[in-house]
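The values are calculated or read from the model by the stated rules, or taken from the named source; none is laboratory data. Small disclaimer: the values here were computed from a predicted structure and weren't measured. Every residue, glycine among them, receives a Cβ derived from its backbone with ideal geometry; neighbour counts consider all protein chains shown.
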Amino acid sequence: MQSLTLDLESAMRDVEQLLAASCSSDEPLLTEMARRMVLAGGKRIRPRIMLLSYMACGARQALPELIEAAAGIELIHTATLVHDDIIDRGELRRGVPATQREHGPDRAIILGDFLFTQGFLLSARQDAEVVRLTGAACRKLAEGELKELQALFDADLSLERYMDIIFCKTAAPLEACGRVGAHFAGRDEWQDALGAYGKHLGLAFQVSDDLLDLRGDPARTGKPRGTDLRSGAPNAAVLLGARNGARAKMQEFLAKRVRTEEDVQAALDALARSGAAQEAQRLAEEHAARAVEALSPLPDSPAKRELLAQVRALPVRPA
Ligand code: FPP
Ligand code: MG
């Protein structure tokens, strides 16, 4: 266990160094904005999953290409968040004022473009398979963000379509991380297993986040109860509630031009009565269990146990 911690943590330090170096631009304002966002933190879940997937395939060699791809996916992720904050008019990101808030949307577009380019350049230093996997995940990210925009205020959105949106926005990049890890380890035959692990981890994470939004757990989410509902985003809990008797209430709520705090509380109460929380919990558990199951072809190892621990760290656990 200790050697895993040492390897993983020293590789993550290398990733951090490369992230900091990648913020440098000839334009001082770009460097400043990039450093503020990239170095503000973040859980670094994507590079961690990539490195652990590599190690779970039995690979131990510290490859510079792997560190580059891991930093690359984190830079691309940060780019998408900077752009998402323009679209959402997000105020806070990683505990600091969002770039669009601090510097305005025009400069935030440019920062997102810069970070995306820096990230893709790192990923593109590798072979064609890594470029293909990273590019496919980026395409899903853009498609998912647009699909979500089009689904705003739609209480009739199907759960299947919603799951496709969160697949594109969250699960597809994690799937790519698992696949890239297997590829670097020379175990392309394990790409499907580690890709499925990343995908179901992402889906379980997003649905449990939706559940926390319904239950209200600001200490964990950093957001007040019902934030998704307030912004008109129909999440898994809202859609499950709409399927279970709260449909008229959700339609009425989402159709309102002005939503008061009382409206929000009444909608949340209707969802609670519909049993949406229990169903969302079951859905999150199902994907968490599928993430665990996906790893079954891989032999036991400290890295595999750490991947399993990532599933157990979710607010909902597999049954
Ligand atoms: C956060 O969503 C946003 C994403 C995970 C993806 C955003 C994707 C784009 C803006 C497309 C751009 C694509 C590329 C490749 C540059 P959220 O609003 O649900 O989460 P939040 O609460 O963290 O804001
Ligand atoms: Mg957002």
Practice task
Report, by residue number, each residue of segment 91-111 that is within 15 Å of ligand 2 (Cβ to nearest atom), more than 16 Å from LEU39 (Cβ to Cβ) and either at pLDDT 95 or above or part of a helix (DSSP H, G or I) (or both).
Solution key: GLN100, ARG101, PRO105, ALA108
Fill in the blank from the handout: Exception for GLY58 within (1) more than 17 Å from ASP14 (Cα to Cα); (2) part of a helix (DSSP H, G or I); (3) away from ligand 2 (no atom under 16 Å from the Cβ); (4) out of contact with any Leu (no Cβ under 6 Å at 6 or more places or on another chain) falls at (2)
Problem - Where a residue in segment 148-172 is at positive phi and its partner, wherever it lies, is more than 16 Å from ligand 2 (Cβ to nearest atom) and part of a helix (DSSP H, G or I), with Cβ under 6 Å and at least six apart - result: PHE153/LEU254
Exercise for the section: Please work out which residue is modelled with the lowest pLDDT, limiting yourself to segment 130-166 and to residues that are among the small types (Gly, Ala, Ser) and within 20 Å of HIS83 (Cβ to Cβ). Expected result: ALA151
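Quick grid of which residues meet (1) without any contact (Cβ under 8 Å) to a residue 60 or more places away in the chain; (2) surrounded by 14 or more Cβ atoms within 10 Å (Cβ to Cβ); (3) touching a Cys at 6+ places or on another chain (Cβ under 9 Å); (4) closer than 23 Å to GLN206 by Cβ:
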site: GLU262; (1), (2), (3), (4): yes, no, no, no
site: SER274; (1), (2), (3), (4): yes, yes, no, yes
site: LEU283; (1), (2), (3), (4): no, yes, no, yes
site: ALA291; (1), (2), (3), (4): no, yes, no, yes
site: ALA294; (1), (2), (3), (4): no, yes, no, yes
site: LEU298; (1), (2), (3), (4): no, yes, yes, no
Fill in the blank from the handout: Residue set ASP14, ASP84, ASP88; condition charged (D, E, K, R) and more than 16 Å from ligand 2 (Cβ to nearest atom); output residue ASP14
Problem - Answer from GLY232, GLY216 - the residue that is of a type outside the set (Phe, Trp, Tyr) and within 16 Å of ligand 2 (Cβ to nearest atom) - result: GLY232
Exercise for the section: Give the number of residues within segment 74-117 that are within 12 Å of ligand 1 (Cβ to nearest atom) and either polar (S, T, N, Q) or closer than 17 Å to LEU29 by Cα (or both). Expected result: 15
Practice task
May I ask you to verify whether ALA236 is at pLDDT 90 or above and under 20 Å from ARG161 (Cβ atoms)?
Solution key: yes
Practice task
Please work out if ARG60 is more than 14 Å from ligand 1 (Cβ to nearest atom), among the charged types (D, E, K, R), under 27 Å from GLY181 (Cβ atoms) and under 13 Å from the mean Cα position of the chain (by Cα).
Solution key: no
Practice task
Pairs only if they're at least six apart or on different chains, beta carbon under 7 angstrom, first in segment 75-99 and farther than 16 Å from ILE45 by Cβ, second near ligand 2 (Cβ under 9 Å from one of its atoms) and assigned to a strand (DSSP E or B); list them, first residue then second.
Solution key: ASP85/ARG93
Completion exercise
Of (1) away from ligand 2 (no atom under 16 Å from the Cβ); (2) crowded, with 17+ Cβ neighbours inside 10 Å; (3) more than 14 Å from the chain's Cα centre (by Cα), LEU29 satisfies every one except (2)
Handout entry: Candidate set from segment 142-177 (those that are among the aliphatic types (A, V, I, L, M), buried (at least 21 other Cβ atoms within 10 Å of the Cβ) and within 16 Å of ligand 2 (Cβ to nearest atom)); member that is nearest to MET50 (Cα to Cα)
Key = ILE166
Handout entry: Residue satisfying condition, being free of Cβ contacts under 8 Å to residues at least 12 places away in the same chain, within 10 Å of ligand 1 (Cβ to nearest atom) and either small (Gly, Ala, Ser) or within 13 Å of MET37 (Cβ to Cβ) (or both), within set ALA128, ALA142
Key = ALA142
Handout entry: GLU279 vs. criteria assigned to a helix (DSSP H, G or I), in contact (Cβ under 8 Å) with a residue 60 or more places away in the chain and of a type in the set (Asp, Glu)
Key = no
Practice task
Within segment 224-241, identify whether any single residue is in contact with a helix residue (DSSP H, G or I) (Cβ under 9 Å, 6 or more places away or on another chain), on the phi > 0 side of the Ramachandran plot and not in a helix (DSSP H, G or I), and answer yes or no.
Solution key: yes
